[in-house]
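Inspection log for the structure reproduced underneath, given as structure tokens.
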Amino acid sequence: MAERLAELAERKNEALNAGSPRAVERHHAKGKLTARERIEYLLDEGSFQELDMLARHRAHGMGLEDNRPYTDGVVTGFGTIDGRRVCLFSQDFTVFGGALGEVFAEKIHKVMDLAASTGVPMIGLNDGAGARIQEGVVSLHSYGGIFHRNVTLEELGGAMSHATKSGVATFVAPDEKACLDEVRHLLSFLPSNNLEEPPVEPTGDEPDRQVTELIDFLPMSTNQPYDMKKIISAVVDDGEYFEVHRHWAMSITCGYARMNGRVVGIVGNQPAVLAGVLDIDSSEKASRFVRVCDAFNIPLLTFVDVPGFLPGTDQEYGGIIRHGAKLLYAYCEATVPRIQIITRKAYGGAYVVMNSKSIGADLAFAWPSAELAVMGPNGAVDIVYRRELAEATDPAQRRAELIDEYTERYANPYIAAERGYIDDVISPADTRAVICRSLDILASKREDLPRRKHGNVPL
């Protein structure tokens, strides 16, 4: 047995050093962690159990038969993060440049299947060169198996260009350790699987705390911008707001926070960017976030200050109506608790798709500064009173008078409150307390959707 144990130790040591010293040195010279170093940093100390450590490829040709390192370029296994179980894989760029072959993919398939069967999160640390050329179509077929599992499991999804332009990268960090820290932080908001509730972490922040700084927070002019994220931070537990897609589609903000210890997903128009309009990208960003929250039983809190959809032929030809419908669809389909807070502008169809009562919000509240209308006073007066203004002795003065009349009659929350389109008009200072009470009553919400195979998202 001693000889066999010695052989085992030798083989495992070979696997631990699958990448050549020169390849590891080049990797470190670029400021990058190795596959194992990433796992060691991410997981709780001593919790990692590796799987398929001694797997090797079985391909032939192009010199592969003479180069068969253990692990085949990817480290897989399971462990814990803050005591919670996770499965993961970490691609090893020091072995075949992290390129994916048949055995490499089989290892990932196996650990993904393990995550699915045990109901734990699956984390992929990607650092590879794509499909392994030497294995040809086998590599492509193997990639398909990963893509299929991603769809089946509900994937959460590298750098700045994809964070600002394409929206592919959800988070961008200055270095690898900061990125892995963000992974740990993200997991603290998510349940292990869709059958569990999000973790509750009491923060000590009183649920009925008055947010008096919000009373005079809004600018005097309704056309002046402000930062919606400051409102969100003032309301949530300990001011902690974990924003996703922070650099993309910035006219809307999405992220996670806690209210009285409960996790909430927050969507808010951002008046500091393009006045908070909805455009193609912001509609996509918000709709994906809403669906992720709904998939993982996270209540949705929506802050509204939206002047409408972004006008222009680029948006029209790009399908703003179709993309806006995605956000409408995402909210309509969501069965988690849904709360709406209107801070200022709530105009037209953009207001409707921002989680209004008419599309199924459970509870909706407005500040006294809220303006619920088909459009803003200036545009409405120019359309409705076009003929009167053309015939007026002093069109400018008459226009100003009509704008004041329209604002007083329609640009307020009280007509909506009379009709029950909002549930109450509240002081900004009471916003946190009202939300926490609302989440309490909605904690036991149950909703059954019509029986069907699946919906038809307006893709």
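The values are calculated or read from the model by the stated rules, or taken from the named source; none is laboratory data. This structure is a prediction, so every number in the text was calculated from the model and none was measured. Note that each Cβ is placed from the backbone with ideal geometry, even for glycine, and that neighbours are counted across all protein chains shown.
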When the residues of region 44-79 are filtered to those that are of a type in the set (Asp, Glu) and outside any loop (DSSP other than H, G, I, E, B), which remaining residue is nearest to the chain's Cα centre (by Cα)? 50
Residue by residue through region 324-375, note down the ones that are under 23 Å from the mean Cα position of the chain (by Cα) and in a strand (DSSP E or B). 338, 339, 340, 341, 342, 343, 363, 364
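Quick grid of which residues meet (1) surrounded by fewer than 24 Cβ atoms within 10 Å (Cβ to Cβ); (2) out of contact with any Pro (no Cβ under 6 Å at 6 or more places or on another chain); (3) under 22 Å from residue 192 (Cα atoms):
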| site | (1), (2), (3) |
| --- | --- |
| 299 | no, no, yes |
| 302 | yes, yes, no |
| 308 | yes, yes, no |
| 312 | yes, yes, no |
| 318 | yes, yes, no |
| 325 | yes, no, no |
State which residue is farthest from residue 382 (Cα to Cα) when the search covers only region 406-417 and only residues that are in a helix (DSSP H, G or I) and at pLDDT 90 or above. 417
Regarding region 227-246, can at least one residue be identified that is more than 18 Å from residue 432 (Cβ to Cβ) and buried (at least 22 other Cβ atoms within 10 Å of the Cβ)? yes
Report yes if residue 86 is surrounded by 13 or more Cβ atoms within 10 Å (Cβ to Cβ) and in contact with a Lys or Arg (Cβ under 6 Å, 6 or more places away or on another chain), otherwise no. no
What is the residue count in region 418-458 for residues that are of a type in the set (Gly, Ala, Ser) and not in a helix (DSSP H, G or I)? 5
Can you tell which of 300, 278, 328, 310 is closer than 30 Å to residue 216 by Cβ and at pLDDT below 95? 310
Could you go through region 412-420 and let me know if any residue there is touching a helix residue (DSSP H, G or I) at 6+ places or on another chain (Cβ under 9 Å) and loosely packed, with under 11 Cβ neighbours inside 10 Å. yes
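Would you point out the residue of region 19-43, among those that are in a helix (DSSP H, G or I) and hydrophobic (A, V, I, L, M, F, W, C), that is surrounded by the most Cβ atoms within 10 Å (Cβ to Cβ)? Don't jump to the end; show me each part of the working.
Initially, region 19-43 is screened for residues in a helix (DSSP H, G or I), giving 21-29, 35-42.
Pick out the ones that are also hydrophobic (A, V, I, L, M, F, W, C) and you get 23-24, 29, 35, 39, 42.
Working: 23: 17, 24: 17, 29: 8, 35: 27, 39: 23, 42: 24.
Once the filter is applied, the top-ranked residue is 35.
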Checked region 37-93 for anything at pLDDT 90 or above and more than 27 Å from residue 186 (Cβ to Cβ); matches are 53, 54
Quick one: count up the residues across region 219-271 that are closer than 21 Å to residue 371 by Cα and either assigned to a loop (DSSP other than H, G, I, E, B) or among the small types (Gly, Ala, Ser) (or both). 13
Of the conditions (1) at pLDDT 95 or above; (2) not assigned by TED's automatic domain parsing to the domain that holds residue 419, residue 365 clears all except one; give me its number. (2)
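Among the residues that make up region 304-319, is at least one of them in a loop (DSSP other than H, G, I, E, B), of a type in the set (D, E, K, R), under 24 Å from residue 229 (Cα atoms) and touching a Lys or Arg at 6+ places or on another chain (Cβ under 8 Å)?
Looking only at region 304-319, we keep the residues that are in a loop (DSSP other than H, G, I, E, B), and these are 307-308, 310-312, 319.
After this cut, where a residue has to be of a type in the set (D, E, K, R) as well, the list is none.
No - not one qualifying residue is present in region 304-319.
What about residue 294, is it among the acidic types (Asp, Glu), surrounded by fewer than 21 Cβ atoms within 10 Å (Cβ to Cβ) and assigned by TED's automatic domain parsing to the domain that holds residue 432? Don't jump to the end; show me each part of the working.
Working: among the acidic types (Asp, Glu): yes; surrounded by fewer than 21 Cβ atoms within 10 Å (Cβ to Cβ): yes; assigned by TED's automatic domain parsing to the domain that holds residue 432: yes.
Yes: the conditions hold for residue 294.
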Under 7 Å between Cβ atoms, at least 6 apart or on separate chains: pull out the pairs that start in region 436-459 with a residue that is within 18 Å of residue 290 (Cα to Cα) and end on any residue that is hydrophobic (A, V, I, L, M, F, W, C) and surrounded by 10 or more Cβ atoms within 10 Å (Cβ to Cβ). 439/259; 458/325
Can you tell me which residue in region 117-141 is modelled with the lowest pLDDT, limited to those that are part of a loop (DSSP other than H, G, I, E, B) and of a type outside the set (A, V, I, L, M)? 136
